[in-house]
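The values are calculated or read from the model by the stated rules, or taken from the named source; none is laboratory data. What you see is a predicted model; the values in this text were computed from it and never measured. Note that we place each Cβ from the backbone using ideal geometry, even for glycine, and neighbour counts take in every protein chain shown. Just the protein is used for accessible areas: all its heavy atoms, side chains included, with ligands, DNA and RNA removed. Shrake-Rupley method; radii C 1.70, N 1.55, O 1.52, S 1.80 Å.
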Amino acid sequence: QRILGIEITELSITKQKEIQNHVFFKGIRLDIYAKDNFGNAYDIEMQLNYSGELALRSRYYHSEMDGYQIRTGVKYDNLKESIVIFICDFDLFEKGSSVYAFETVCHEYPELTLQDKRKTIFLNINGNREGLSEELSSVLDYFKTSNPTDEYTRGLEEKVKEHRNDDEWRENYMTWEMKLDERYRQGMEAGREEGRKENLAN
């Protein structure tokens with residue numbers, strides 16, 4: 001609500017939502033997948049490491065979310081809003097802004113939007129807060145400093161402390177980190193093996 005500047009009366013949330021619309025297609029795992037009472041779909045991603053592919057990833061996320069929303073035989077006008085939000089600790093577009101919001105617009109008439117119900121937002125927690133609402137600024141400041149400044153962010157901080165003291169959550173988090181480390185080591189080994197093959201070929 002604070003990011004989009006809207007009021008949502010009801011929200012159902014799924015953490016680590018997996019979507020794969022076809023067995024042979026690349027699936028996705030969304031950090032936070034949510035739907036409101038009107039059926040609009042939201043994806044929120046935390047991005048701590050710079051990645052130049054975020055724009056293309058957002059395109060694929062939108063496509064998979066659309067495929068998940070609508071099934072064969074259903075009319076296209078049944079598609080609801082599809083909103084992808086990346087919360088980044090870097091400035092993807094290097095303009096100094098805290099918010100970069102994208103919708104499909106016409107080149108010839110920039111005031112004309114396509115109304116395709118897609119919106120992509122990139123947040124830069126280190127960006128300029130000028131023009132932002134106090135509510136959004138406080139959230140971005142909290143992500144940047146971990147220091148709560150209002151009732152909402154104090155509630156977030158309480159949840160963070162609660163999870164830090166949750167043995168089951170910590171165990172799951174450590175297992176997740178171990179899996180990431182294992183994948184990294186497998187990738188490094190695959191790269192070294194590929195290098196050895198190239199050296200032998202030369």
### Query
In the range 80-108, what residues are part of a strand (DSSP E or B), within 24 Å of D31 (Cβ to Cβ) and either open to solvent by 80 Å² or more (accessible area, probe 1.4 Å) or not aromatic (F, W, Y) (or both)?
S82, I83, V84, I85, I87, C88, S97, V99, A101, F102
### Task
Filter the range 139-156 down to residues that are of a type outside the set (A, V, I, L, M, F, W, C) and under 19 Å from L48 (Cα atoms), then give me how many there are.
6
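Tally the residues that are outside any loop (DSSP other than H, G, I, E, B) and under 20 Å from E45 (Cα atoms), restricting the search to the range 113-151. Spell out how you get there, then give the answer.
Start the filter on the range 113-151 by keeping residues that are outside any loop (DSSP other than H, G, I, E, B), which leaves 113, 118-124, 128, 134-145, 151.
Cutting the leftovers down to under 20 Å from E45 (Cα atoms) gives us 118-124, 135-145.
Qualifying residue count, the range 113-151: 18.
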### Residues of the range 10-40 satisfying the condition of being open to solvent by less than 30 Å² (accessible area, probe 1.4 Å), within 23 Å of F143 (Cα to Cα) and either modelled with pLDDT of 80 or more or not in a strand (DSSP E or B) (or both)
Y33, A34
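I'm checking my understanding of the structure. Among residues of the range 123-161 that are aromatic (F, W, Y) and out of contact with any strand residue (DSSP E or B) (no Cβ under 7 Å at 6 or more places or on another chain), which one is surrounded by the most Cβ atoms within 10 Å (Cβ to Cβ)? First the steps, then the outcome.
Start the filter on the range 123-161 by keeping residues that are aromatic (F, W, Y), which leaves 142-143, 152.
Keeping just the survivors that are out of contact with any strand residue (DSSP E or B) (no Cβ under 7 Å at 6 or more places or on another chain) gives 142, 152.
On the way: Y142: 20, Y152: 15.
Here the answer is Y142.
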### Task
Collect the residues in the range 75-103 that are at pLDDT 95 or above and among the hydroxyl-bearing types (S, T, Y), keeping them in residue-number order.
S97, S98, Y100
### Query
Which ones in the range 36-67 are under 17 Å from L4 (Cβ atoms) and charged (D, E, K, R)?
D36, D43, E45
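Residues in the range 102-143 that are farther than 18 Å from R2 by Cβ and of a type in the set (D, E, K, R): how many? Outline the logic, then answer.
Looking only at the range 102-143, we keep the residues that are farther than 18 Å from R2 by Cβ, and these are 102-118.
So of that shortlist, the ones also of a type in the set (D, E, K, R) come out as 103, 108, 111, 116-118.
Count: 6.
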### Message
Can you say whether E111 is open to solvent by 80 Å² or more (accessible area, probe 1.4 Å) and at pLDDT 95 or above, as far as the supplied structure shows?
### Response
no
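I need the full set of residues from the range 26-35 which are of a type outside the set (D, E) and within 24 Å of I6 (Cβ to Cβ), in order please. Walk me through it before giving the result.
Start the filter on the range 26-35 by keeping residues that are of a type outside the set (D, E), which leaves 26-30, 32-35.
Listed by number, the residues that qualify are L30, I32, Y33, A34, K35.
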